Amino acid sequence: MAIIRQVQRGNVTKPAGSATVTVTIPQTLLDMSKSILLFSMQTASTSNPARDGLLTGELISTTQITFRDNSGGTNPAVYIEWQIIEYFEGVNVQRGTVTNVQNGGVNVAISAITVAKSWVIISARAN
């Protein structure tokens, strides 16, 4: 059974003209292998909101999250609400990054899992 150790929430705005924003987590995570990041975003883009609202979120350490888009810093501001759920036990998180996925998809190797007790969380960004 999964037991939650802590939940942290916050928000940040990725400024217009910036491709990334990094957030310092208020309380240090004790175990990244038991922590997941969930986030939602909102953009005021009127030119291409479907593309301009695509960004990835990544727990890069026990103290930081980075949100990134592929705009090279040309996209409008994006408002992001995030939460990290760190579990005490009963959870094993596998994470990774895949780049350059085309229409046919891509297979990603992971450690063995029980499919009935597993789910995938992804974030994506586009050129």
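The values are calculated or read from the model by the stated rules, or taken from the named source; none is laboratory data. For clarity, every value in this text was computed on a predicted model and none was experimentally measured. So basically every Cβ, Gly included, is an ideal-geometry build from the backbone, and we count neighbours across all protein chains shown. What goes into the accessible areas is simple: the full protein's heavy atoms, side chains included, and nothing from ligands, DNA or RNA. Shrake-Rupley method; radii C 1.70, N 1.55, O 1.52, S 1.80 Å.
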Take the residues in region 37-58 that are farther than 22 Å from residue 6 by Cα, at pLDDT 70 or above and open to solvent by 40 Å² or more (accessible area, probe 1.4 Å), then tell me which one is farthest from the chain's Cα centre (by Cα). 44
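The rows are residues; the columns are (1) crowded, with 17+ Cβ neighbours inside 10 Å; (2) at pLDDT 90 or above; (3) over 17 Å from residue 124 (Cβ atoms).
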| residue | (1), (2), (3) |
| --- | --- |
| 3 | no, yes, yes |
| 6 | no, yes, yes |
| 10 | no, yes, yes |
| 13 | no, yes, yes |
| 35 | yes, yes, yes |
| 60 | no, yes, yes |
| 64 | no, yes, yes |
| 71 | yes, no, no |
| 88 | no, yes, yes |
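So, residue 123, is that one at pLDDT below 90, open to solvent by less than 80 Å² (accessible area, probe 1.4 Å) and out of contact with any Cys (no Cβ under 9 Å at 6 or more places or on another chain) or not?
Here the answer is yes, as residue 123 does meet what is asked.
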